[in-house]
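So the structure is just underneath, and the comments pick up after that.
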Amino acid sequence: GAVVSQHPSRVICKSGTSVKIECRSLDFQATTMFWYRQFPKQSLMLMATSNEGSKATYEQGVEKDKFLINHASLTLSTLTVTSAHPEDSSFYICSARDAGRTLYNEQFFGPGTRLTVL
Amino acid sequence: DAKTTQPPSMDCAEGRAANLPCNHSTISGNEYVYWYRQIHSQGPQYIIHGLKNNETNEMASLIITEDRKSSTLILPHATLRDTAVYYCIVSADSWGKFQFGAGTQVVVTP
């Protein structure tokens, strides 16, 4: 149980284009999902918290107009990197909290999406 | 900023126990301690979590000191597949946010 998927697993795009990454909880409902970014040899950096049916909450320094997050259902959140540039190349990872386990905060992580912007 | 401190690296012999320390001296009373690991180019994998009592599951054991200012993750019989970066995280934020520190790179050798 507690499986989170991401699509695509890797994407290469041209500078200036937009890229959408999907995060799905496969066997549980997730009222809260999180988006992280990880650069090579660095730790995960939290970008934003996504709540179903409401606006995402962005961490300080993360441009909300560049990283659009939509959490339209209890099993799907999407991250769109708009007008991507080479410096946006990174490993993007989502995670989800099980809505049925409100006592704990453990997150279940997706496998990640490798974005390369040329 | 992360609220935990871990050694940057640790080597362990295959078949031996690996003891991974974590310092969380500013932990609040309602914060849990979570352990995750990340194998290269994959998403983090949940290992275990605890509040006050020691915990054990099929993957590991978690020992939390009585004052809760530090904890130790124990992998009882390390295998080569346990080579990964191990993260210790404390969280009780109402949003459930995790702030990852640098973690400990564990290398299990034959």
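The values are calculated or read from the model by the stated rules, or taken from the named source; none is laboratory data. Here the structure is a predicted model, which is why all the values come from computation and not from measurement. As a convention, Cβ positions derive from the backbone with ideal geometry for all residues, glycine included, and neighbour counts pool all protein chains shown.
So B:ILE47 ticks every box in (1) surrounded by 14 or more Cβ atoms within 10 Å (Cβ to Cβ); (2) farther than 18 Å from A:GLN107 by Cα; (3) aliphatic (A, V, I, L, M) but one. Which box is left unticked?
(2)
Condition first: among the hydroxyl-bearing types (Ser, Thr, Tyr), under 24 Å from B:TYR36 (Cβ atoms) and in contact (Cβ under 8 Å) with a residue 40 or more places away in the chain. Now tell me which residues in the stretch A:31-90 satisfy that.
A:THR31, A:THR32, A:TYR36, A:THR75, A:SER77, A:THR78, A:SER90
Conditions first: (1) loosely packed, with under 13 Cβ neighbours inside 10 Å; (2) closer than 26 Å to B:THR104 by Cα. A:MET33 passes all but one, so which condition is the exception?
Single failed check for A:MET33: (1).
Hey, among the residues in the stretch A:73-108 that are at pLDDT below 95 and among the aromatic types (Phe, Trp, Tyr), which one's farthest from the chain's Cα centre (by Cα)?
Once the filter is applied, the top-ranked residue is A:TYR104.
What are the pairs, 6+ residues apart or on separate chains, where a residue within the stretch B:2-30 that is free of Cβ contacts under 8 Å to residues at least 60 places away in the same chain has its Cβ under 6 Å from a residue that is part of a loop (DSSP other than H, G, I, E, B)?
What qualifies is B:SER25/B:LYS69; B:THR26/B:LYS3.
Answer yes if at least one residue in the stretch A:107-117 is in contact with a helix residue (DSSP H, G or I) (Cβ under 8 Å, 6 or more places away or on another chain) and within 14 Å of another protein chain (Cβ to nearest Cβ), and no otherwise.
Checked the stretch A:107-117: at least one residue is in contact with a helix residue (DSSP H, G or I) (Cβ under 8 Å, 6 or more places away or on another chain) and within 14 Å of another protein chain (Cβ to nearest Cβ).
Which of the following residues is more than 14 Å from the chain's Cα centre (by Cα), surrounded by 13 or more Cβ atoms within 10 Å (Cβ to Cβ) and either in a loop (DSSP other than H, G, I, E, B) or modelled with pLDDT of 95 or more (or both): B:ASP93, B:ASP67?
Result: B:ASP93 is the single residue among B:ASP93, B:ASP67 that is more than 14 Å from the chain's Cα centre (by Cα), surrounded by 13 or more Cβ atoms within 10 Å (Cβ to Cβ) and either in a loop (DSSP other than H, G, I, E, B) or modelled with pLDDT of 95 or more (or both).
What do you reckon, is B:LEU20 within 14 Å of chain A (Cβ to nearest Cβ) and touching a Phe, Trp or Tyr at 6+ places or on another chain (Cβ under 8 Å)?
no
If I filter the stretch A:65-106 down to residues being charged (D, E, K, R) and exposed (fewer than 14 other Cβ atoms within 10 Å of the Cβ), which single residue comes out as nearest to the other protein chains (Cβ to nearest Cβ)?
A:ARG101
Return the total of residues in the stretch B:26-44 being more than 7 Å from chain A (Cβ to nearest Cβ) and either under 13 Å from B:TYR86 (Cα atoms) or among the hydrophobic types (A, V, I, L, M, F, W, C) (or both).
Looking only at that region, the number is 8.
Is one or more of the residues making up the stretch B:68-77 in contact (Cβ under 8 Å) with a residue 60 or more places away in the chain and either within 7 Å of chain A (Cβ to nearest Cβ) or among the hydroxyl-bearing types (Ser, Thr, Tyr) (or both)?
No.
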